[in-house]
1. Counting only residues that are in contact with a strand residue (DSSP E or B) (Cβ under 6 Å, 6 or more places away or on another chain) and in a strand (DSSP E or B), how many does the range 6-24 have?
2. For the range 268-314, give me each residue that is surrounded by 14 or more Cβ atoms within 10 Å (Cβ to Cβ) and free of Cβ contacts under 8 Å to residues at least 24 places away in the same chain.
3. Mind telling me which of the residues ASP161, ASP179 ends up being outside any helix (DSSP H, G or I) and acidic (Asp, Glu)?
4. What about GLU237, is it in contact (Cβ under 8 Å) with a residue 40 or more places away in the chain, among the acidic types (Asp, Glu) and surrounded by fewer than 23 Cβ atoms within 10 Å (Cβ to Cβ)?
5. Suppose we filter PHE185, PHE152 for residues that are modelled with pLDDT of 95 or more, under 26 Å from the mean Cα position of the chain (by Cα), part of a helix (DSSP H, G or I) and over 20 Å from ALA324 (Cα atoms); which single one remains?
6. Checking ASN218 against (1) buried (at least 16 other Cβ atoms within 10 Å of the Cβ); (2) more than 30 Å from GLU249 (Cα to Cα); (3) of a type outside the set (Val, Ile, Thr), which test does it fail?
7. Test LYS75 against the stated conditions and say whether it is assigned to a loop (DSSP other than H, G, I, E, B), farther than 30 Å from ARG392 by Cβ and not assigned by TED's automatic domain parsing to the domain that holds ASN256.
8. Out of all the residues in the range 247-296, which are among the aliphatic types (A, V, I, L, M) and part of a loop (DSSP other than H, G, I, E, B)?
Amino acid sequence: MPRDHLKGVKSHYDVIVVGSGLAGMTAANILARAGRSVLVLEQHYRLGGMATWFRRPRGNVFDISLHGFPAGMIKSCRRYWNDDIASRIRQIKAIHFDNPQFSFYSSYDKGDFLDKLVNHFGVERQTVDEFFAAIERMQFYDRDVATTRELFMEFFPDRPDVWRLLIEPIAYANGSSLDDPAITFGIVFSNFMKKGVFIYEGGSDDLEKRMKIEMERNGVDVRIKALVERIIVEGNEARGVMVNGRMIESRIVISNAGLKNTILRLVGELHLPAAYVNETRKVRLNNSSCQVYIGLKAGKSIPFLGDLFFTSTCPEFDSDRLCAMHVTSRTYSLYYPNIRPGTDRYTIVSSTNANYEDWVGLTDDAYAVEKRRLVETTLDALEGYVPGVRNRLDWVEASTPLTFEHYTMQMEASSFGTKFEGLKVSMDLPNHVSGLFHAGSVGLIMSGWLGTINYGVIVANKAESHLARQGAHCEQH
């Protein structure tokens with residue numbers, strides 16, 4: 001008989017969390033700490049959403065997605081998870097840039113950027129100081145509609161080399177472009193500038209294990225291979241979910257699924273005002289990604305190329321070309337043995353932003369050809385920096401937007417959730433269905449590991465307030 005992944009699940013919980021991305025797991029952990037009964041339902045066989053991993057037979061372990069987050073991750077993990085997890089967050093040594101406009105290493109913090117902008121690019125110090133002051137004033141609730149392009153034109157007109165230095169890493173971090181609101185660049189960039197870029201020592205596999213242990217220690221019931229088919233709504237209130245053909249009731253539902261998946265599929269437009277449904281349909285999804293996973297043989301190594309290596313052959317930064325199927329820009333995440341202490345393995349993950357529509361319409365044969373071309377051109381590019389690297393390899397494979405769609409069930413395989421307007425739609429959901437909240441990668445600012453964790457915190461606090469009001473209402477009656 002097939003295994004029952006819901007064996008022992010209760011019929012009712014205070015909170016059901018749909019999906020186990022970092023926002024969903026963080027919300028679950030906070031609410032369980034507060035004494036709430038919490039069930040996490042994950043349709044995949046691993047936790048973590050896009051912050052997950054996989055292992056291959058010859059010993060290579062690969063992290064999914066591009067990693068690197070601000071120092072604020074330490075504080076958030078210490079406060080909302082535990083000291084053990086927070087203590088494993090380490091600052092990376094260097095980010096490496098190589099493109100037709102400049103080539104150098106950077107510690108990717110304010111001091112280094114001041115030096116680079118003034119001494120390498122020749123920008124006046126006063127201009128640089130005014131630029132940093134402007135982005136440090138930005139808040140996510142600002143109503144300023146200026147774009148990043150307009151921000152750059154104000155401070156660095158006719159300096160596409162400076163624009164590239166500023167925007168290209170952020171485009172890989174959250175999918176933003178020059179024509180997105182300036183705050184989607186400014187807030188993320190400012191967070192990195194405080195102390196640089198950090199990474200989790202041990203890899204995503206270690207983080208997932210420790211987060212699961214912490215959740216279960218706090219009483220969270222965690223289930224994998226549990227596909228939520230529907231969020232149950234009765235009388236404009238969330239009542240629970242249908243999962244693996246079974247109904248489980250709850251006082252609160254937090255969806256960590258994609259925003260449009262949550263509203264248009266799991267809830268359904270019949271339960272929502274037409275104006276809100278239309279607003280949801282207009283939300284733009286962000287771009288997807290391709291990745292090439294490269295594992296070296298045991299005992300083989302590569303020289304230090306930086307922890308993150310932004311490479312490009314494109315003459316200038318171009319948002320459209322950054323996502324084009326025929327790749328001109330790649331970011332290599334380099335995993336040296338110190339990233340997973342106790343191993344001697346080197347792995348490399350090449351990430352490229354991509355368009356879902358370029359891949360979804362291909363025939364099977366054309367898809368295989370393009371996937372192979374992605375691998376070979378990536379290895380060709382890597383050979384330019386590590387001659388003979390092909391002879392050191394133990395494993396190479398690729399993922400495309402269709403791979404991400406299969407495993408995450410995200411609409412159009414969006415790697416970074418939605419464009420900026422999605423944040424308002426996400427935050428408005430409980431105003432239309434009482435007890436239903438959405439947490440995840442939305443609005444570009446709430447993207448990346450730190451953004452999604454902090455959005456999980458925001459949603460957990462709102463859910464706890466809702467539960468407290470329900471309790472007070474019950475006591476009064």
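1. Residues in the range 6-24 being in contact with a strand residue (DSSP E or B) (Cβ under 6 Å, 6 or more places away or on another chain) and in a strand (DSSP E or B): 7 in total.
2. GLU269, VAL277
3. One residue alone meets the criteria, ASP179.
4. Answer is yes for this residue.
5. The unique qualifying residue is PHE152.
6. Status for ASN218: all satisfied but (2).
7. Against the criterion (assigned to a loop (DSSP other than H, G, I, E, B), farther than 30 Å from ARG392 by Cβ and not assigned by TED's automatic domain parsing to the domain that holds ASN256), LYS75 does not qualify.
8. Within the range 247-296, ALA257, LEU272, VAL283 meet the criteria.
The values are calculated or read from the model by the stated rules, or taken from the named source; none is laboratory data. Note that the coordinates shown come from a computational prediction; the quantities given were computed from them, not determined experimentally. Neighbour counts are summed over all protein chains in view; Cβ atoms, including those assigned to glycine, are modelled from backbone coordinates with ideal geometry.
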